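The structure under discussion appears below in the form of structure tokens.
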Amino acid sequence: MNDIYFCRNDILELIYQSDFQGSDFTCPLDFHSVRGYVNTLEFRDNWVARDIEGYVFDKELNSVSYHPESKLRNEQRLPFQVQCSWNGVAVLNSKPFYDKDPLRFRRSRVDTGECSASECSLLCNDFWDRGYRRIIVVPEILVSYRLQNAVLLGPKYNLTPNITRTLEEKIKYIDGPEKVSCYSLEGTEFDSPSQSEKWVNYTSSGTKVL
């Protein structure tokens, strides 16, 4: 968990969805206000988040993914499958951290040509590489890093809009993308990605989701 503002029931819902969906990696959406437009909210962590086709999340909270099934599920505030996310907090399958050669948060292996991505992106990729590939976002849960943004959530963004849910809550998992979009952060003088987009391989063991 990062230094976020959240409600305790939000964390309980993430734990519930992790169990109900049988997911290995379960996250909310994080948000902030648009610079210069304090009352307009948008998705925050698009350096890390990738949809199930490998594309960067859009900033629009109601349509972070253009993958048809994911977009519809997001609009209905239902959990949807992604290639990677973190978004402030994650409920993780702990088994990869106790396996032989346990996983850990790490830096990119630039000497091998690996894209210099966020440590959270690399953790997602390592989960995929070990066969832990059920990664989901629960859009009904939103968290923020600033109190001034968190207090806007109720009046500015309706978590339970007047919608008719036509889809089942249970996710039907599909296989992952062959490659993902990556924006590399190289050097120490930057606080955001310094390189242009490139599409990269992220696993050496396949993308099939069982």
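The set of residues in segment 3-48 being over 16 Å from PHE80 (Cβ atoms), without any contact (Cβ under 8 Å) to a residue 24 or more places away in the chain and in contact with a helix residue (DSSP H, G or I) (Cβ under 7 Å, 6 or more places away or on another chain) consists of GLU42 alone.
Got at least one residue in segment 104-116 being among the aromatic types (Phe, Trp, Tyr), out of contact with any Leu (no Cβ under 8 Å at 6 or more places or on another chain) and either free of Cβ contacts under 8 Å to residues at least 40 places away in the same chain or surrounded by 14 or more Cβ atoms within 10 Å (Cβ to Cβ) (or both)? No, that holds for no residue.
Looking at segment 13-87, the strands (runs of 3 or more DSSP E) lying wholly inside it that each contain 2 or more residues that are closer than 20 Å to VAL151 by Cα and of a type in the set (Val, Ile, Thr) sit at 37-43.
Can you find even one residue in segment 129-136 that is modelled with pLDDT of 95 or more, more than 14 Å from the chain's Cα centre (by Cα) and not in a loop (DSSP other than H, G, I, E, B)?
Yes, there is a match, as at least one residue in segment 129-136 is modelled with pLDDT of 95 or more, more than 14 Å from the chain's Cα centre (by Cα) and not in a loop (DSSP other than H, G, I, E, B).
Taking residues in segment 49-64 that are farther than 17 Å from CYS120 by Cβ, and partners anywhere that are among the acidic types (Asp, Glu), the pairs with Cβ atoms closer than 8 Å and at least 6 places apart or on different chains are LYS59/GLU42; GLU60/GLU42; LEU61/GLU42; ASN62/GLU75; SER63/GLU75.
When the residues of segment 70-95 are filtered to those that are over 18 Å from VAL48 (Cβ atoms) and free of Cβ contacts under 8 Å to residues at least 60 places away in the same chain, the one that is farthest from the chain's Cα centre (by Cα) is LYS95. Exactly one residue out of ASN87, ASN149 is surrounded by 14 or more Cβ atoms within 10 Å (Cβ to Cβ) and in contact with a His (Cβ under 6 Å, 6 or more places away or on another chain): that is ASN149.
The values are calculated or read from the model by the stated rules, or taken from the named source; none is laboratory data. All of these numbers come straight from a predicted model, not from anything done at the bench. Because the Cβ atoms are built from the backbone with ideal geometry, glycine has one as well, and the counts that use them run over all protein chains shown.
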